[in-house]
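The values are calculated or read from the model by the stated rules, or taken from the named source; none is laboratory data. Quick caveat: nothing in here was measured; it's all calculated off a predicted structure. Don't worry about glycine lacking a Cβ; one is built from the backbone with ideal geometry, like all the others, and counts go over all protein chains shown.
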Amino acid sequence: METNYYVHPTAIVDEGASIGAGTKIWHFCHVMPKAVLGECCNLGQNVFIADGVRLGNNVKIQNNVSVYTGVVCGDDVFLGPSMVFTNVINPRSAVKRHSEYLLTNVGKGVTIGANATIVCGHDIGDYAFIGAGAVVTKEVPAFALMVGTPARQIGWMSEYGHRLNFDLEGLAECPESKQKYSLKDGTVSRIS
């Protein structure tokens, strides 16, 4: 049977997995049978995708990332090398908690830096930027720039991944795209 996606010979894609056109699955990856990957995704070396995971289109996953049951990623998400998702708050080897998996929704255009950890049950808003090594323990607003352990918000990011500097009227412009943004009542939105 001919496919319209690429799977490296060392990778395993279990029967039943849904793989979108143009997706590339590289060395030593494993995609479980109930996973759904969108179009034009790229899974780097040694990536694991569990049952029930849903990836949007154009999701880029760097080396050594495991995406566990309960994680849903929107379109254009970037998952940096060796970043970590969890899916149980209080794991114990001897206690089965499969029915206690908490959901983590990763919004459109989100970037999660290398070695960051996302504690389950916390949504990450569209275009948020999680710095390398950060540990996310709460909800993340759209466009938020989060760093540290535990992660704290230190600013806002544009859709193109540039820091936004808002003026006294709550307006900012992305230096690359020239898109304009508004900050009102703690919420950022793109206005052009």
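Structure notes:
Matching residues to (1) surrounded by fewer than 19 Cβ atoms within 10 Å (Cβ to Cβ); (2) among the hydrophobic types (A, V, I, L, M, F, W, C); (3) touching a Cys at 6+ places or on another chain (Cβ under 7 Å); (4) outside the structural domain of residue 19 (by TED's automatic domain parsing):
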| site | (1), (2), (3), (4) |
| --- | --- |
| 53 | no, yes, no, no |
| 59 | no, yes, yes, no |
| 64 | yes, no, no, no |
| 71 | no, yes, no, no |
| 74 | no, no, no, no |
| 77 | no, yes, no, no |
| 83 | no, yes, no, no |
| 89 | yes, yes, yes, no |
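- Within the range 145-154, tally of residues that are of a type in the set (Gly, Ala, Ser) and under 14 Å from the mean Cα position of the chain (by Cα): 0
- All of (1) touching a residue at least 40 places away in the same chain (Cβ under 8 Å); (2) touching a Phe, Trp or Tyr at 6+ places or on another chain (Cβ under 8 Å); (3) not acidic (Asp, Glu) hold for residue 141 with one exception: (2).
- Test: residue in the range 91-99 that is in contact with a strand residue (DSSP E or B) (Cβ under 9 Å, 6 or more places away or on another chain), among the hydrophobic types (A, V, I, L, M, F, W, C) and in the same structural domain as residue 56 (by TED's automatic domain parsing): no
- Restricting attention to the range 140-192 and to residues that are among the charged types (D, E, K, R) and over 30 Å from residue 121 (Cβ atoms), the residue that is surrounded by the most Cβ atoms within 10 Å (Cβ to Cβ) turns out to be 173.
- Any hit, the range 24-41, residues being surrounded by fewer than 16 Cβ atoms within 10 Å (Cβ to Cβ), modelled with pLDDT under 95 and not in a strand (DSSP E or B): no
- Any hit, the range 102-118, residues being within 18 Å of residue 156 (Cα to Cα), touching a residue at least 12 places away in the same chain (Cβ under 8 Å) and in contact with a Leu (Cβ under 6 Å, 6 or more places away or on another chain): yes
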